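Only one structure is covered here, and it is reproduced in the block below.
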Number of protein chains: 2
Amino acid sequence: MMAPARPIQRVAVIGAGSWGTTIANLLAGKGFDVTLWARESEILRELTERGENSRYLPGVTLHPQLRAATSLEESVRTADLLIFAIPAQSLRQMVRQARPFIADGLLIVNLAKGIEEGTCARCSEIVVQELKQHNPVAVLSGPNIAWEVVRGVPSKGVVACSNYRYLGLLQNVFSTPCFKVYENPDLAGTELGGALKNVIAIMAGIGDGLGYGANTKSAVITRGLQEMIRIGVVMGGHRETFFGLSGIGDLMATALSEHSRNRRLGECLGRGATLPEAEAALNGRVAEGIQTTRALLEIKAGYDLDTPIVETLHRVLFEGLPAREGYLATWNSCDRLEGN
Amino acid sequence: MMAPARPIQRVAVIGAGSWGTTIANLLAGKGFDVTLWARESEILRELTERGENSRYLPGVTLHPQLRAATSLEESVRTADLLIFAIPAQSLRQMVRQARPFIADGLLIVNLAKGIEEGTCARCSEIVVQELKQHNPVAVLSGPNIAWEVVRGVPSKGVVACSNYRYLGLLQNVFSTPCFKVYENPDLAGTELGGALKNVIAIMAGIGDGLGYGANTKSAVITRGLQEMIRIGVVMGGHRETFFGLSGIGDLMATALSEHSRNRRLGECLGRGATLPEAEAALNGRVAEGIQTTRALLEIKAGYDLDTPIVETLHRVLFEGLPAREGYLATWNSCDRLEGN
C-alpha cells in the first residue's frame, strides 16, 4: 500500500513567465510558503525589491509573501510540491538542472502547454523520462489567460494526474473562490488539449489578421477541435477530454483573448508578417504552437490522419505559403458531412 | 419509390429579418428567382424602391434580382422551395397563414432557432404539425451571424434533414465560395443546437456585462455545452451533433459576436438592466433565448436533468435574481470531475 500523499506547505515554482508567476502568486495568497525561481536574475531582484514582475505581468502587485528563490537547490530541496512553468522546448534541460535536488516521491506539476520537437513528448513525459525515479507528475490546464487569473477574474481550471490520490489534493491546493479547479484522471488528454489548441489558435488568429469575424473563427475552431481529437486520440488522450475545459475551453480562451500569444502570432501572420517578424512582435515571449506544429506533422505522417489545418499551418509557418492563401485553402476541404 | 427531388428555381422566403434577408440575398446572387415576404409593408417597399432593408441590415445594398413579394399567396404557390425565417413563437401562426398556398410535397427549410413555449416544439415540428401533409422539412443552421454572411465573410453552415435525398440538394442550393455548407442527417440535434445555444449565450453575455474576460466566457461556454447536450439528447438530438458547427460552433459565434442579440441581451442584464430594459435595447429584434429558457425549464423538470445555467438564467430573467448573483452562483456548482 502506498503512503498517504504528503501534506503540502512549501511550494517551489520554476519559471517566472506570466503563468508561473500567476500560479506562484495565487498559492502565496492561499498561505503556502512559495519560492519562485527564474533563470533571469533581474526578475528575481525586482520580485524581491518591488514585489513585481514587470516584464511578464506589468502593473500587477504580487503577494508580499511570494519570495524569490535564493537558489534553485534550496528551493527544490525544501519543497513539498514542485511546479515547472517552463516552455516545452526548454523543459528537458531545466529538469536535468533541477534533478540532483528532486527527492524521490516529490509531487511535480507541469504548467507548460507544448510538445517537444524531435521526441514528440508531452511535458509530463519529459519529466518522467529525465527523472527515472518515482515522482508523481500532474498537470494544471484549462482556459486560463494569466492576465485574468492574476486579477481575480472568475476562471476555471483542471488538474490531471493518472494517480487519483493526487487529484483531490491538487484540486484543494489550486482552488480559490475565483479559480475553480476540476479533476480529470486523463493526464495525456488534458496535456494534449493544451498543446494542440495552440496550433488551432494560430490559425484562428490568421483569420483575425485578415479581418474576418465571428463566423469564420467559430468555424475554424469547430473544425480545429475535430483535428485536435484525431491527433489527440492516437497520442493516448480520451476523446471526451477534448470537449472539456482543457480542450475546447482552452482553445476558445486562446482564440478569444487579446493576450494570447499564439493567437497574436497568427494575427501578425494574417496581416502579412513573416514568421520572424511575427515572433519578434511577441517581445521574447514564446508561442508554443510554432514548435508544436512541427511535432504534429511528424505524428500526422505516422498515422495518416486527416489534419488540413495542421498541414496548412506548417506550410504557412515553414514553407513560405502566404497566410491568406493557406487560410482560404483550408476553407474548402472536400468533406460534405459534418462530424467527419 | 419516391419521385426525384424537384429542381429548384423559384424560392419564397417568409420573414425579412436580418437572417431571412441575408439568405434571400445570397440565393438571388446565385441566380435563383427569389421573392422575400414580410408582414411589414414598409420593409417590402424599401426593398423594391431602394434595394435595401435598412431596419435589419443597415448599409447593405441587396442584390438587384431580389424581389419583394407582391402577395404571400403568389409567392408561396409558385415556389419550388419555401423558407421560413420567423421567430419560433410566431412561426405557428405564420405557417397557418401560408398553409392554404403550400403544395403537398413542397420542400420547406426553417431558419429560426428557438423552441416554442407551451409545446416545447422545435421549429420543424411546428411546421409538420400545422401542415398535416407530406412536406419534407429541413433546417439551415450553424455559426452564421447575418451581418458577416451578407458581406461575404467566409462562413460555414449546416443543412439538416432526416431524408438524405434533400441533403445534397440543399447543400448545393445554399453553398457559395464564401459560405461552405455541410450536411447532417440529425435534424433534431441540429435544430436543438441552434435553439439551446441562445440560452448559454445570454449567460455568457452577462459575464461580458460584469466586465469579465476570456477565461470566464470560455468556462461558461464549455460547461454550457455540457448542459446543451444533456437537454438535447433527451429531446432526440445526437450527442455528436453538439460538437459540430450547429452546436459548439454556433454557440461560440453567438457568444463572440458584438452583433448577437442574445449575447447583447445578457450584457445589458449584466450591467444591471431589468429584462424589459434589456429587451428594449434590442430595438424590436427578438432574443429567442428568453422564451427558450422558459421552455427548457419545463423539459428539465420532466427529466430531472442537472442544468445549473438554465435554472439560474430562469431565475435571473423571470424571478428577479440579480444577474451578478446568478452568475456567481453557477460558478461554484458542486461537481469535482470534468465531464460530469
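When you scan the range A:294-324, how many residues do you find that are over 15 Å from A:Glu227 (Cα atoms), in contact with a Lys or Arg (Cβ under 9 Å, 6 or more places away or on another chain) and part of a helix (DSSP H, G or I)?
Summing the residues that are over 15 Å from A:Glu227 (Cα atoms), in contact with a Lys or Arg (Cβ under 9 Å, 6 or more places away or on another chain) and part of a helix (DSSP H, G or I) in the range A:294-324 gives 3.
Which residue pairs have Cβ atoms under 6 Å apart, sit 6 or more places apart or on different chains, and have a first residue in the range B:257-285 that is touching a residue at least 24 places away in the same chain (Cβ under 8 Å) and a second that is open to solvent by 70 Å² or more (accessible area, probe 1.4 Å)?
Here the result reads B:His259/B:Trp147; B:Arg285/B:Arg261, each pair linking the range B:257-285 to a residue that is open to solvent by 70 Å² or more (accessible area, probe 1.4 Å).
Of all residues in the range A:42-73, count the ones that are of a type in the set (S, T, N, Q) and in contact (Cβ under 8 Å) with a residue 40 or more places away in the chain.
Result for the range A:42-73: 0.
So, in the range B:108-139, exactly how many residues are in a strand (DSSP E or B) and either without any contact (Cβ under 8 Å) to a residue 12 or more places away in the chain or touching a Phe, Trp or Tyr at 6+ places or on another chain (Cβ under 6 Å) (or both)?
Of the residues in the range B:108-139, 2 are in a strand (DSSP E or B) and either without any contact (Cβ under 8 Å) to a residue 12 or more places away in the chain or touching a Phe, Trp or Tyr at 6+ places or on another chain (Cβ under 6 Å) (or both).
Would you pick out the residues in the range A:32-41 that are in contact (Cβ under 8 Å) with a residue 12 or more places away in the chain and either in contact with a Gly (Cβ under 6 Å, 6 or more places away or on another chain) or of a type outside the set (Phe, Trp, Tyr) (or both)?
Correct list: A:Asp33, A:Val34, A:Thr35, A:Leu36, A:Ala38, A:Glu40.
Exactly one of these conditions fails for B:Gln129: (1) within 13 Å of chain A (Cβ to nearest Cβ); (2) at pLDDT 95 or above; (3) more than 15 Å from the chain's Cα centre (by Cα). Give me its number.
With (1) within 13 Å of chain A (Cβ to nearest Cβ); (2) at pLDDT 95 or above; (3) more than 15 Å from the chain's Cα centre (by Cα) applied to B:Gln129, the lone miss is (1).
Can you say whether B:Leu187 is open to solvent by 10 Å² or more (accessible area, probe 1.4 Å), closer than 23 Å to A:Gly213 by Cα, under 20 Å from the mean Cα position of the chain (by Cα) and of a type in the set (A, V, I, L, M, F, W, C), as far as the supplied structure shows?
no
Condition check ((1) of a type outside the set (Asp, Glu); (2) within 14 Å of chain B (Cβ to nearest Cβ); (3) out of contact with any Gly (no Cβ under 9 Å at 6 or more places or on another chain)) across all residues:
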| position | (1), (2), (3) |
| --- | --- |
| A:Gly237 | yes, yes, no |
| A:Phe243 | yes, yes, no |
| A:Asp250 | no, yes, no |
| A:Ser260 | yes, yes, no |
| A:Leu265 | yes, no, no |
| A:Cys268 | yes, no, no |
| A:Glu277 | no, no, yes |
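A:Val173 fails exactly one of the following numbered conditions: (1) open to solvent by less than 10 Å² (accessible area, probe 1.4 Å); (2) touching a helix residue (DSSP H, G or I) at 6+ places or on another chain (Cβ under 6 Å). What is the number of that condition?
Among (1) open to solvent by less than 10 Å² (accessible area, probe 1.4 Å); (2) touching a helix residue (DSSP H, G or I) at 6+ places or on another chain (Cβ under 6 Å), A:Val173 violates only (2).
Where residues in the range A:295-305 are in contact (Cβ under 8 Å) with a residue 60 or more places away in the chain and surrounded by fewer than 16 Cβ atoms within 10 Å (Cβ to Cβ), which of them is farthest from A:Lys113 (Cα to Cα)?
A:Tyr303
So for the range A:50-61 (the condition being acidic (Asp, Glu), open to solvent by less than 60 Å² (accessible area, probe 1.4 Å) and over 15 Å from the mean Cα position of the chain (by Cα)), does at least one residue qualify?
Taking every residue of the range A:50-61 in turn, at least one turns out to be acidic (Asp, Glu), open to solvent by less than 60 Å² (accessible area, probe 1.4 Å) and over 15 Å from the mean Cα position of the chain (by Cα).
Which residues, taken from the range B:208-235, are in contact with an Asp or Glu (Cβ under 8 Å, 6 or more places away or on another chain), within 19 Å of A:Glu148 (Cβ to Cβ) and among the basic types (Lys, Arg)?
B:Lys217
Look through the range A:207-230, keep the residues that are in contact with a Ser or Thr (Cβ under 9 Å, 6 or more places away or on another chain) and among the basic types (Lys, Arg), and return whichever of them is farthest from the other protein chains (Cβ to nearest Cβ).
The extreme case among them is A:Arg230.
Scan the range A:273-281 and tell me whether some residue there is in a loop (DSSP other than H, G, I, E, B) and within 15 Å of the chain's Cα centre (by Cα).
no
Only one residue in A:Val199, A:Val233 is more than 12 Å from chain B (Cβ to nearest Cβ) and within 20 Å of A:Arg271 (Cβ to Cβ), so which one is that?
So the residue among A:Val199, A:Val233 that is more than 12 Å from chain B (Cβ to nearest Cβ) and within 20 Å of A:Arg271 (Cβ to Cβ) is A:Val199.
So which residues in the range B:208-229 are among the basic types (Lys, Arg) and open to solvent by less than 10 Å² (accessible area, probe 1.4 Å)?
Across the range B:208-229, there are no qualifying residues.
Scan the range A:7-59 for residues that are of a type in the set (Asp, Glu) and in contact with a Phe, Trp or Tyr (Cβ under 8 Å, 6 or more places away or on another chain) and report the count.
0
Name the residue, out of B:Arg92, B:Arg99, that is open to solvent by less than 50 Å² (accessible area, probe 1.4 Å) and among the charged types (D, E, K, R).
Result: B:Arg92 is the single residue among B:Arg92, B:Arg99 that is open to solvent by less than 50 Å² (accessible area, probe 1.4 Å) and among the charged types (D, E, K, R).
Given the condition open to solvent by 20 Å² or more (accessible area, probe 1.4 Å), more than 21 Å from A:Asn25 (Cα to Cα), modelled with pLDDT of 95 or more and more than 10 Å from chain B (Cβ to nearest Cβ), answer yes or no: does some residue in the range A:133-148 qualify?
The answer is no, given that none of the residues of the range A:133-148 is open to solvent by 20 Å² or more (accessible area, probe 1.4 Å), more than 21 Å from A:Asn25 (Cα to Cα), modelled with pLDDT of 95 or more and more than 10 Å from chain B (Cβ to nearest Cβ).
Quick one: which of B:Gly205, B:Gly232 is within 25 Å of A:Tyr212 (Cβ to Cβ), open to solvent by less than 30 Å² (accessible area, probe 1.4 Å) and modelled with pLDDT of 95 or more?
Going through B:Gly205, B:Gly232 in turn, the sole match is B:Gly205.
Which one is surrounded by the fewest Cβ atoms within 10 Å (Cβ to Cβ) among residues in the range A:13-36 that are more than 12 Å from A:Leu66 (Cβ to Cβ) and of a type outside the set (Ser, Thr, Tyr)?
Among those that are more than 12 Å from A:Leu66 (Cβ to Cβ) and of a type outside the set (Ser, Thr, Tyr), it is A:Gly17.
Can you tell me which residue in the range A:159-177 is nearest to A:Gly237 (Cα to Cα), limited to those that are at the interface with chain B (Cβ under 9 Å from one of its Cβ atoms) and under 20 Å from the mean Cα position of the chain (by Cα)?
A:Ala160
Which is surrounded by fewer than 19 Cβ atoms within 10 Å (Cβ to Cβ) and either under 27 Å from A:Gly236 (Cβ atoms) or of a type in the set (Asp, Glu) (or both), of A:Glu267, A:Glu277?
A:Glu277
A:Gly284 versus (1) surrounded by fewer than 23 Cβ atoms within 10 Å (Cβ to Cβ); (2) more than 10 Å from chain B (Cβ to nearest Cβ); (3) under 20 Å from B:Ser246 (Cα atoms): which is the lone unmet condition?
(3)
The values are calculated or read from the model by the stated rules, or taken from the named source; none is laboratory data. If you're wondering where the values come from, they're calculated on a predicted model, not measured in any experiment. All Cβ positions, even for glycine, are placed from backbone atoms using ideal geometry, and neighbour counts span all protein chains on display. Heads up: the accessible areas ignore ligands, DNA and RNA and are worked out on the full protein's heavy atoms, side chains in. Shrake-Rupley method; radii C 1.70, N 1.55, O 1.52, S 1.80 Å.
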